[in-house]
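Asker: Dumping the structure here so I can ask a few things about it.
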Amino acid sequence: MARFWVCVAGAGFFLASLVLHSRFCGSPVLRNFAFQISWRSEKVAYRLDLDWPKYSDYFTGTTFCVTVDSLNGLVYVAQRGDNIPKVLVFTEDGYFLRDWNYTVDTPHGMFAASALHEQSVWITDVGSGSYGHTVKKYNTFGDLVQVLGTPGKKGTGLNPLQFDNPAELYVDDTGDIYIVDGDGGLNNRLIKLSQDFMILWLHGQNGTGPAKFNIPHSVTLDSSGRVWVADRGNKRIQVFDKETGEWLGEWNNCFTEEGPSSVRFTPDGKYLIVAQLNLSRLSFLAAPPVGSIGDCSVISTIQLPDQVLPHLLEVDRKTGAIYVAEIGAKQVQKYVPLNSYLLAFDV
């Protein structure tokens, strides 16, 4: 393998073109990969881990989502397709461990709840079959533990709770669950559930005003007790108090071209990482201080090739690595944070 280094100093940007192995159109092809990060006054440096996964042939469908069990060093990938395993399990080093397919119809989002007393994997299912329109909890080996919603039946009801194309969820360390329900379905809502699945609060109207949504697509929490929602159709991020559900503000000035499809914080809480699907772009936004939302400020970006289409991403809370599920490239890629501004690539 040849190796080259790119040394970054001062403000500006760099562009590194290299040849990578891709999985476009279902078969390996060679392409030029443009990996660009631009900086303003701060430095956010990542490198693409070309050795993750060790073998890409396990991606046999369209990779919609990815999640990380930071405690055990496991990475879960969910893909769509006929007669293929729906969930793949890798180590954080890229070695394939196992797959499972039980009771998964059409996965959209997923989250690994990783605590000393319990490790579980949650999946939102938007399928029209007997397992669709649900939010499901599995153990780490794929055994179904809990089903929220009415399997195979979409709806707007709250008792019993129903979903229509639930997009994603986030499970707090307390066990509370935040669900964004409405990837183009009947619902456009954010729901907070207790660990025993009681509704604590919700915002549930379609619209453009505060606490209203148009395709709420991703949800995450910060360390200050705020809930961040990618309101994709409205081209904004909305922010709420996690305890009361109070609307705290919104960011829209960073999303004039396209709305956000995925939101996650870096482990230190300094940056919110945002994926924009059709722009094939990852952006690093400066997280606001406690007590203020302010305006969105882009610190840096990673521009992916056209048609890669980053759908949802996850951040390893222990290592800071970013995993990106790309529905255009039909793969998951890993980006590793650097401690200096000297960037190395293997080709």
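The values are calculated or read from the model by the stated rules, or taken from the named source; none is laboratory data. All of these numbers come straight from a predicted model, not from anything done at the bench. As a convention, Cβ positions derive from the backbone with ideal geometry for all residues, glycine included, and neighbour counts pool all protein chains shown. Side chains included, ligands, DNA and RNA excluded: accessible areas come from the protein's heavy atoms. Shrake-Rupley method; radii C 1.70, N 1.55, O 1.52, S 1.80 Å.
Asker: Tell me, please, whether a residue that is in contact with a helix residue (DSSP H, G or I) (Cβ under 7 Å, 6 or more places away or on another chain) and not hydroxyl-bearing (Ser, Thr, Tyr) can be found in the stretch 243-259.
Answerer: yes
Asker: Considering only residues that are under 17 Å from Ser224 (Cβ atoms) and of a type in the set (Ser, Thr, Tyr), look in the stretch 260-296 and name the one that is surrounded by the fewest Cβ atoms within 10 Å (Cβ to Cβ).
Answerer: Per the criteria, the residue is Ser292.
Asker: Restrict the check to the stretch 178-193 and report whether at least one residue is touching a Gly at 6+ places or on another chain (Cβ under 6 Å), of a type outside the set (Ser, Thr, Tyr) and at pLDDT 95 or above.
Answerer: Within the stretch 178-193 (the criterion being touching a Gly at 6+ places or on another chain (Cβ under 6 Å), of a type outside the set (Ser, Thr, Tyr) and at pLDDT 95 or above), the answer is yes, since at least one residue qualifies.
Asker: Those residues that are modelled with pLDDT under 50, open to solvent by 30 Å² or more (accessible area, probe 1.4 Å) and over 19 Å from Leu277 (Cβ atoms), I need them from the stretch 32-68; list them, please.
Answerer: Listed by number, the residues that qualify are Asn32, Ser38, Arg40, Ser41.
Asker: Evaluate the stretch 323-332: report whether one residue or more is of a type in the set (Lys, Arg), under 23 Å from Phe64 (Cβ atoms) and either part of a strand (DSSP E or B) or in contact with a strand residue (DSSP E or B) (Cβ under 8 Å, 6 or more places away or on another chain) (or both).
Answerer: yes
Asker: Quick one: in the stretch 64-92, of everything that is polar (S, T, N, Q) and in contact with an Asp or Glu (Cβ under 7 Å, 6 or more places away or on another chain), which residue is farthest from Trp52 (Cα to Cα)?
Answerer: Ser70
Asker: Another question, if that's okay. Looking only at residues in the stretch 231-257 that are charged (D, E, K, R) and open to solvent by 20 Å² or more (accessible area, probe 1.4 Å), which one is nearest to Asp183 (Cα to Cα)?
Answerer: Among those residues, the one meeting the criterion is Arg232.
Asker: List pairs: first residue in the stretch 198-221 and in a loop (DSSP other than H, G, I, E, B), second residue basic (Lys, Arg) anywhere in the structure, Cβ distance under 6 angstrom, at least six positions apart or on different chains.
Answerer: That search, which allows pairs on different chains as well, returns Gly204/Arg189; Ile215/Arg232.
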